[in-house]
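A.B. asks: Questions regarding the structure given below will be posed in turn.
Nothing in this text is a laboratory measurement; each read-out follows from the coordinates by a stated rule. Fair warning: this is a prediction, and the values are worked out from it, not measured in the lab. Every residue, glycine among them, receives a Cβ derived from its backbone with ideal geometry; neighbour counts consider all protein chains shown.
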C-alpha cells in the first residue's frame, strides 16, 4: 500500500514575522485556503487517506501539527528529539510504517512546497508507484522541469530512458547561473524537488548498505515501537545518528549503481522560499502588488503586503518591499533581501526580543 | 481673573493613523506623557486652575475632551455645532466666561501645540497679563522668535517698543523662503503662535466693532446660557455666524489702529504639524531614528517609527520613512510627504474604508 511521509522538520525564519520558531513555514497559509502542510496531506487524497499518512516533525511542532492535521492518527506523527537531516528522518519513518505494513511503499514529500494542481501530482505519483511495481529495488525521484536557470536548487541529470522514467546519471548541487543555463539547454536536467518513492523495506536496505549507523540505531529502537517507552528510546538513539541528507546518504551512491530513476513532473511546483517568491505564486493586482487582507497602496508597486484580523495596512511610495502585519509584530523590508531578514531575526534574539521569534 | 480658553477645533488627518476623525491631533500623546490638549491645560497650573479652564471643541470631540480633561467642569467644555473658524469660537468663549466673571482676562491657546518648559510659558503669560493691566483695551499676542525661515507660518512684524512688549506694525501671511529669510535678518518678526490675551469684555467690543454679525448672534444666545436650551440655541445661531479667523476679524484691523501688542516668547514652541516634525521634537536615537514602543531598525535611518501595546515594528533598509502601528491600522510612508498622506486618507474614504478614518 502507498503511505505518505511528510517531512516537516522546517524551522526557518524566511517568512518572519508570519513564521515563528514554534510555527515555521509549513504551518502558514501562504497560498490557497490551507496551510502548506495541510495541502501536502490533502493533495494525495483519495489516493492515500489519513490512516496511511505519517508526519515527521520536531517535538516543538507536535501541537501545531496535531491541530492542523487532526485526522492523522496521533501515533503517526513522529517527533524527532533533534534535527538530524533527512536520512535519519526517513529511516525512522520507514521503521514505523513497516510495523503497520510490511509491503509499504513510501511517498516522501516536504511539508512546505506548493504544488498545483493536485490531480497532476497524483498522476505523477501513480507513475512512480507503477515504476516501483516493475523495479521494486529502485529509488524513484520526481523531477521538476526547470522554468528558469535557478541557482538555488539541486539538479538531477537524467541518463537513459527507462520503463516510465529516466535513469538518473548524476546529481548536481546548486550551480551558478551560467552553468544552470547550460543545464536547461540540454533538456536533460530537472530540479530536485525532494519528493521520492521507495519500497519502505528497500529504503532500510539502502540505508543499511550506505549508512549502517542509522539502521543500527533504528534496530535498537524497534522494540520500543508502540510502547510507552518509545519517545524516551528515541531521545536516546536519535541524537546519536549521523546528521546527513538522504541525497548524500543513499541517492548519490545508489545512482552511481544505476538504481535511481527520475519521473518528470506534470504539475506546477514552487518551494515558496521567501517573501520574494509570493508574487509568482499568488499573482499581482492591477498596480503590481501582491496583497492579502485590507490594504491601501498609494503610489506603491512590486510590494508584498499581508495583514490579518481586519487590520489595515496603508502604504505610500513603496517599491519592491514586503510589509507584513501579524498580531504582535510588523515587518517592513525590501522583498528580496533574505540575508538582511536573517540578520534582523538574529538581531531580535541579541536584543532580548526573542518573544517575537 | 485669568481664564484659559483652549481652542480644540482641530480635525486634521496629518497624523493618520494615530489621529482619527474622532480623535484629532490635540488628543494624541506625541511628546511627553500627556496628550497635547492635556499639556495645554496643565502647563498653566497653578496660574489658572481647572475651574477657570474652558475648552471650545466640536460636538464630535466632546466625549474625548471630557475623558482627557475630567477636571474641567463639564459646562466649560463648549461644543461648536459646526466649524466656524476662530472668531465665532472666541466670541462664544468670551460670552460664556463673562457670565462667570465680568472682569475676566482670557488667555487663548490652541490645543495642539508643543510648548516647553511650562515655567517659561507661564512667565510670558504673566507679562501679557501685566500689559493688559496697564492697557486694558489692548490685544496681546505671544510671538515666537523664529529659528529658521519657515514658509508655513504667519509672521507678526513688530513696531515701536511699548510697555513690556512691542506694538504690532502688521501681520504677514505665509511668506516664501526668500521673504522669510529677509524677515529673520531684520530681527523684527515673530511667528504668530495663535496665543492671545484679551480682557473678555474688550474682545466682545472689538468683535462688535469689526464683526457685528457675530456679536448679534451671541446676544441672541446669551439668555440661553445655563439653561437646558443652550445647545439647541447654539445649533440655531452658531452656523449663521461668518466663518472667519480672529486674525482677519479683529487683530488686523485693531493693529492698524495701534491697539495690538506682541510679547516675544521665552519658551520653545512647535506646532507639531506632521510626522516630519517629530524628530525635532522627540530627538533621534544613535542611528538617526525617532522611535516609540518596541522597534528594531536594521539599516534604517531618518525614520519615525511608532507602535503601542507591545507590538513590535521591525524595519530593514528604510530611509526617511514613517511607520506607525495602531491597533487597527498601520501606515508606511515617506515621512515628509503630507500631500500624499492627505491623498491616502481621501482614498480610504473613496474605497469605503472610512472605519479606519
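A.B. asks: How large are Rg and Dmax for the stretch B:2-270 when only the alpha carbon atoms are used, in Å?
C.D. replies: Just the Cα atoms of the stretch B:2-270 yield Rg and Dmax of 17.7, 55 Å.
A.B. asks: Where does each of A:321, A:296, B:82 land when they are ranked from fewest to most other beta-carbon atoms within 10 angstrom? Intermediate values should be presented prior to the final figure.
C.D. replies: Details: A:321 28, A:296 22, B:82 12.
Exposure proxy ranking, most exposed first: B:82, A:296, A:321.
A.B. asks: Residue B:245 label points, 7 Å along Cα→Cβ, one per copy: pairwise distances from this copy to the rest in nm, shortest first?
C.D. replies: 6.9
A.B. asks: Can you compute the FRET efficiency between residue B:130 and residue B:102 using 1/(1 + (r/R0)^6), with r the Cβ-Cβ distance and R0 = 30 Å? Round to the nearest 0.05.
C.D. replies: That pair, residue B:130 with residue B:102, gives E of 0.90.
A.B. asks: Among B:218, B:312, B:341, determine the one that fluctuates most according to a GNM of chain B built with springs between C-alpha atoms less than 10 Å apart.
C.D. replies: B:312
A.B. asks: Any idea how far apart residue A:176 and residue B:147 come out in nm if each label point goes 7 Å out from Cα toward Cβ?
C.D. replies: Once both label points are built, they end up 5.5 nm from each other.
A.B. asks: Please tell me the relative contact order of the stretch A:96-229 in percent, rounded to the nearest whole number, where contacts are Cα pairs under 8 Å and at least six residues apart.
C.D. replies: 32 percent
A.B. asks: Using r as the Cβ-Cβ distance of residue B:67 and residue A:21, and R0 as 51 Å, what FRET efficiency do you calculate, to the nearest 0.05?
C.D. replies: On the way: r = 40 Å, r/R0 = 0.79.
So the FRET efficiency works out to roughly 0.80.
A.B. asks: May I pose another question? Let's test the formula: R0 of 30 Å, r as the Cβ-Cβ distance of residue A:160 and residue A:184. What FRET efficiency results, to the nearest 0.05?
C.D. replies: Efficiency, rounded to the nearest 0.05: 0.90.
A.B. asks: Okay, next question. To two decimal places, what compactness ratio does the protein assembly as shown give when its Cα radius of gyration is scaled by 2.2 N^0.38 Å? Before the final figure, lay out the partial values.
C.D. replies: Details: Rg = 36.2 Å, N = 714, 2.2 N^0.38 = 26.7 Å.
It is 1.35.
A.B. asks: Continuing with the same structure: Project the alpha carbons of the stretch A:80-232 onto their principal axes and report the range along each, largest first, in whole Å.
C.D. replies: Extents along the principal axes: 54, 33, 31 Å.
A.B. asks: May I pose another question? Compute the relative contact order of the stretch B:275-356 as a whole-number percentage, counting only Cα pairs closer than 8 Å that sit 6 or more residues apart in sequence.
C.D. replies: 20 percent
A.B. asks: Still on this model: Expressed in nm², what is the orientationally averaged projection area of the convex hull enclosing the Cα positions of the stretch A:215-357? Walk me through the intermediate numbers first.
C.D. replies: Numbers: hull surface 59.8 nm².
So the mean shadow area of the Cα hull is 15.0 nm².
A.B. asks: Still on this structure: So how do B:325, A:45, B:113, B:134 line up by other beta-carbon neighbours within 10 Å, fewest first? Mind dumping the intermediate values first?
C.D. replies: Details: B:325 27, A:45 14, B:113 20, B:134 10.
By the 10 Å Cβ count, ascending, the order reads B:134, A:45, B:113, B:325.
A.B. asks: Would you mind listing the distances between the residue A:22 label point and the same position in each other copy? Use 7 Å along Cα-to-C-beta, nm, one decimal, shortest first.
C.D. replies: 3.4
A.B. asks: Return the whole-Å distance between the Cα centroid of the stretch A:47-82 and the Cα centroid of the stretch A:216-251.
C.D. replies: What the calculation gives is 17 Å, centre to centre.
A.B. asks: Something else now. How far is residue A:66 from the same spot in each other copy, in nm, shortest first, if each label point sits 7 Å from Cα toward Cβ?
C.D. replies: Counterpart label points of residue A:66 in the remaining copies fall at 5.2 nm.
A.B. asks: Still on this model: Given the -39500 (n - 2.57) contribution per DSSP H run of 4+ residues, what per-residue ellipticity at 222 nm results for chain B, rounded to the nearest 500 deg cm²/dmol? All intermediate terms of the calculation are to be shown ahead of the outcome.
C.D. replies: On the way: 11 runs with 108 residues, N = 357.
Here the helix-only value at 222 nm equals -9000 deg cm²/dmol.
A.B. asks: To continue, here is another question. Nearest 10 degrees, 0 to 90: what angle lies between the long axis of helix B:86-100 and the longest principal axis of chain B (Cα atoms)?
C.D. replies: Once rounded, the angle reads 60 degrees.
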